[in-house]
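The values are calculated or read from the model by the stated rules, or taken from the named source; none is laboratory data. None of the values given here were measured: they were computed from a predicted structure. Note that we place each Cβ from the backbone using ideal geometry, even for glycine, and neighbour counts take in every protein chain shown. Only protein heavy atoms, including side chains, enter the accessible area calculation; ligands, DNA and RNA are left aside. Shrake-Rupley method; radii C 1.70, N 1.55, O 1.52, S 1.80 Å.
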There are 2 protein chains.
Amino acid sequence: MERQTTEIRQEQIKKAVLDIIFTDGLDQLSTRNLARRVGITEGAIFRHFKSKRDIMLGIMQDVKTGLIGELRQIALGADGSEKRLSDFLCRHVKYLIENKGITILLFSEAAHMNDKELKENLHEILSEQKSLISKIIRDGMTEGLWNKKLAVDDIATIYMGIPITLNIELILNEDRFDMHGFCKRMFFLMQRMMSK
Amino acid sequence: MERQTTEIRQEQIKKAVLDIIFTDGLDQLSTRNLARRVGITEGAIFRHFKSKRDIMLGIMQDVKTGLIGELRQIALGADGSEKRLSDFLCRHVKYLIENKGITILLFSEAAHMNDKELKENLHEILSEQKSLISKIIRDGMTEGLWNKKLAVDDIATIYMGIPITLNIELILNEDRFDMHGFCKRMFFLMQRMMSK
DNA sequence: TCTATATATAATCACTCACTTACATCTTGT
DNA sequence: ACAAGATGTAAGTGAGTGATTATATATAGA
């Protein structure tokens, strides 16, 4: 195997984690299979990450700087709240489709939940999402777009179900799932829900 | 240990599975821990179930005859669709709170997904839920309660996110989560979403 | 060119897993 | 009372796990 820098290998390994999870399932995610997928041996994995756990933490970090970073930019941006909500949702959906293994990875950690740090990371990711979407909703209410009397937190809760349900549909229905215009359709319903 | 019938042990074992998942996490769900929780030895587990997989199938069967059976009764009942939707949602939420490990168990199987039968069971459970809720929505539209022009499937998708989000909040926020009147509040928003 | 360092390999570690076996003991029907 | 079947235990099995090691080799700087 040709030699690569640690940076490149780390990226390859993290990508392989998501690949394996989505195509073969979570229980195929051993360091052995991971090494085979990347095309190196098992020992080499531990040259680039000090443990399997560290790989997971690295991926979560990517979500924080990648997805959450972009969502934050949208949520805190200068556009009107209607456009921000739409952009937010569509960006969110796009990310999940492009990184199909992510949701499974995150929730499997929640499910196993013996690891404080991993659990906290997940909690941080989700509550950040929820607080960003709450901000957009509140802004929209202030702008007079949406009904001020509604419980922002409840609406945010409903929002949170959308990307999760999308991922479940992706896993279970494979290709049958109609994702064309999915975010627009969901946006439309969210808007009705909040209308005056 | 006092001797018990296979029927009683099977119930104890299935209950212990959900207990362990919710309190200790999925990776503590070994046959060793299962036996310890029930108060018998590991070998005894295999006297009452022929495999660990069979225990999971048994639990899924319970969901089908228990939860799904009740939801079906509500959905196909004689009440108006408004009441049926409310009852459906509240019954759904109540079941998840009383069987906190269920969702994790189901989705962990989806995530591992190497087992055709388990995966199909999950698919059946979820699509049955979705088709029942779709029926209620369609009925409500026919009754003139809700807007006929909306996409029933999209609304059902949003609905499906609610119980899942509830479970995630339960796991991550432990007791902080305000589940008082949760189903009523969600019902209220669903209704707004579908209003004319 | 030579040497120090980074990267890759293969064998192996201690451990846990689901499951099995051999055998003991309780319960029940006659 | 006693045989038969149901339920229990203790001690294993092989396979797979994450992680470590000694060793080999490629690369880059002097």
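Worth pointing out:
- Per residue, segment A:1-136 exposes 47 Å² of solvent-accessible protein surface, assessed with a 1.4 angstrom probe and all protein chains in place.
- Radius of gyration over Kirkwood radius for segment A:1-50, both on Cα atoms: the Rg/Rh ratio is 0.95.
- Separation between Cα centres of segment A:50-120 and segment B:8-39, rounded to whole Å: 31 Å
- At least 20 Å² accessible surface lost relative to isolated chain, residues of segment A:86-134 (1.4 Å probe): A:ILE104, A:PHE107, A:ALA110, A:ALA111, A:HIS112, A:MET113, A:ASN114, A:LYS119, A:HIS123, A:LEU126, A:LYS130
- Residues losing 10 Å² or more accessible surface upon assembly, segment B:12-32, compared with the chain by itself, 1.4 Å: B:PHE22, B:ASP24, B:GLY25, B:LEU26, B:ASP27
- Inter-chain Cβ neighbour average for residues B:153-163, partner chain, 10 Å: 5
- Nearest-ten-degree value, helix B:102-112 long axis tilted from longest Cα axis of chain B: 80 degrees
- Principal semi-axes of the equivalent ellipsoid, √(5λ) from the alpha carbon gyration tensor of chain B, are 36, 17, 15 Å from largest down.
- Of all chain A residues, the one whose Cβ lies closest to the rotation axis that maps A onto B, given with that distance rounded to whole Å, is A:GLY161, 1.
- Label points for B:LYS116 are taken 7 Å from Cα along Cα→Cβ. From this copy to the others they lie 4.6 nm apart, shortest first.
- Each copy carries A:SER127; placing its label point 7 Å along the C-beta direction from Cα gives inter-copy distances of 3.9 nm, listed from smallest up.
- The protein assembly as shown: C-alpha pair distances exceeding 41 Å, %: 17 percent
- The alpha carbon radius of gyration of segment B:25-93, expressed as a multiple of 2.2 N^0.38 Å, is 1.61.
- Accessible surface of chain A, 1.4 Å probe: 50 percent of it comes from carbon and sulfur atoms.
- Here the Kirkwood formula puts the hydrodynamic radius of segment A:99-171 at 13.7 Å, using every distinct Cα pair.
- For the pair B and A, total buried accessible area rounded to nearest 100 Å², probe 1.4 Å: 3800 Å²
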